[in-house]
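K.L.:
Sharing a structure below in C-alpha cells format, with a few things to ask.
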Amino acid sequence: MENLEKLYSPSRWSKRGNSTEVQVKHVQFLENHSKLAKEKIPSESISYGQSPREKFDVYGTDLKDDSPILIHIHGGYYQEEALTHTNNGFISNIFYENGIKTILLGYELCQQKTLRQILDGISNGLKECLKYAVKLNSRGMYISGHSVGAHAIAYILQNLKTDLIKSVFLLCGIYNLEPLIQMSANDLLKLSSQEAKDFSPLLNGKINYGKIAIYIFASEWDSPAFVKQSEEFYEKLQQNQVKCYLNVIPKVDHFDVIENLYYEDFELTKIILQAIKE
C-alpha cells in the first residue's frame, strides 16, 4: 500500500522540494500566471452542463474565426478542488501569440459524481467544443490533457469520430487505473476492480483513433510508474497501428512540465506549436 501510494503520488518524486511544497508552489503558479493571461487575452466562459465546473473558457476570442483551437483538460485525480479550468488559463499565453485559440475545459469532481458520470460529462464538453469549432469554421482542433486529463482523452477519444481533431497531446498520463483501487485516492473515486479495468485504455482491447496523431509525453523526473505507463501506452498504440510518438521531456517533473507551457522556449511548447503549424 505504502509503495503504491508513493509510486502514484507524483509530488513525492519532484526534485524541487517536498510533496507539500511542490503542490503549493504549483497551485500558486497556476493562479498567478492564469491571472496574467486573463488580463491580457480576450476570453469568454461557456457552460455546457448543469454543474458549476461544467464550463469551458475560450482564450483568444479576438483571433480569426478559422484559427486552430487547442483544448486542454487539467489533472487532479478527478478530485483535487484546487485544480480547475480557470487556473489553467496560463496555457493560452504562447498559443495566443501564435494565433491559436485555447479552450480550458472544466469538469465535475468525484465528490459529486461517479467516474463514469465525469467521463460522460467531459465527453459532452468536448462535443460542445467541437460544435463551437465547426460554427467558427476552425481550420483544426487539437486536444491536450495532463495526468488524468490525459486519461480522459485516451478513454473518450475513440468515440469522438471527427476529421476536425488533428492531433492529441497526452502529458504525464495514467492509462491503467487498477493500481488506484488499492490507494487512498479510491476513497473518493470508489472504483470497483471491474470499473478500474473498464476505464483503463491500456487494458482494453483494440484501440482505433482514426487518423489522429497521438503525442505521448512523460517527464524525466516524474514518478517511474507514470513514465512506465506512458511507455506501455505508446507500445499499445504502436501495436494497434495508431500514428503515435513518445517523448520523455528532460529535467522536469509532473508539475513544471505543464507550468513551462507558459514559455515559448520550452521543448514541449515548441513540439506542440510545430505539430499545430504543420
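K.L.:
Take the conditions out of contact with any Lys or Arg (no Cβ under 8 Å at 6 or more places or on another chain), farther than 30 Å from TRP221 by Cβ and crowded, with 22+ Cβ neighbours inside 10 Å and apply them to LYS64. Does it pass?
P.N.:
Criteria not met by LYS64.
K.L.:
Then there's this: Exactly one of these conditions fails for GLY99: (1) on the phi > 0 side of the Ramachandran plot; (2) in contact (Cβ under 8 Å) with a residue 40 or more places away in the chain; (3) out of contact with any Lys or Arg (no Cβ under 7 Å at 6 or more places or on another chain); (4) not aliphatic (A, V, I, L, M). Give me its number.
P.N.:
(2)
K.L.:
While we're looking at this one, here's another question. Can you tell me which residue in region 230-276 is surrounded by the most Cβ atoms within 10 Å (Cβ to Cβ), limited to those that are touching a residue at least 24 places away in the same chain (Cβ under 8 Å) and either among the charged types (D, E, K, R) or at positive phi (or both)?
P.N.:
Looking at the filtered set, the residue picked out is ASP253.
K.L.:
So which residues in region 146-173 are among the polar types (S, T, N, Q) and assigned to a helix (DSSP H, G or I)?
P.N.:
Correct list: GLN158, ASN159.
K.L.:
Within region 100-111, can one find any residue that is at pLDDT below 95, under 30 Å from ALA196 (Cβ atoms) and not hydrophobic (A, V, I, L, M, F, W, C)?
P.N.:
Yes - at least one qualifying residue is present in region 100-111.
K.L.:
Also, quick follow-up: Go through region 95-115 and count every residue that is out of contact with any Leu (no Cβ under 7 Å at 6 or more places or on another chain), closer than 21 Å to GLU39 by Cβ and either of a type in the set (Gly, Ala, Ser) or surrounded by fewer than 21 Cβ atoms within 10 Å (Cβ to Cβ) (or both).
P.N.:
Of the residues in that region, 2 qualify.
K.L.:
Among the numbered criteria (1) of a type outside the set (Lys, Arg); (2) touching a Gly at 6+ places or on another chain (Cβ under 7 Å); (3) more than 12 Å from ILE122 (Cα to Cα), which single criterion is violated by GLY49?
P.N.:
(3)
K.L.:
If I filter region 59-82 for residues that are under 23 Å from ILE276 (Cβ atoms), part of a helix (DSSP H, G or I) and not hydrophobic (A, V, I, L, M, F, W, C), do I get at least one hit?
P.N.:
no
K.L.:
Under 7 Å between Cβ atoms, which residue pairs at least 6 apart in sequence (or on different chains) link something in region 5-32 that is at pLDDT 95 or above and of a type in the set (Asp, Glu) with a partner that is surrounded by 14 or more Cβ atoms within 10 Å (Cβ to Cβ) and not in a loop (DSSP other than H, G, I, E, B)?
P.N.:
That search, which allows pairs on different chains as well, returns GLU31/ASN87.
K.L.:
Are any residues in region 230-278 among the hydroxyl-bearing types (Ser, Thr, Tyr), within 20 Å of ILE143 (Cβ to Cβ) and either in contact with a helix residue (DSSP H, G or I) (Cβ under 6 Å, 6 or more places away or on another chain) or not in a helix (DSSP H, G or I) (or both), and if so, which ones?
P.N.:
Residues satisfying the conditions are TYR245, TYR262, THR269.
The values are calculated or read from the model by the stated rules, or taken from the named source; none is laboratory data. Everything numeric in this text was worked out from a predicted model, so none of it was measured. All Cβ positions, even for glycine, are placed from backbone atoms using ideal geometry, and neighbour counts span all protein chains on display.
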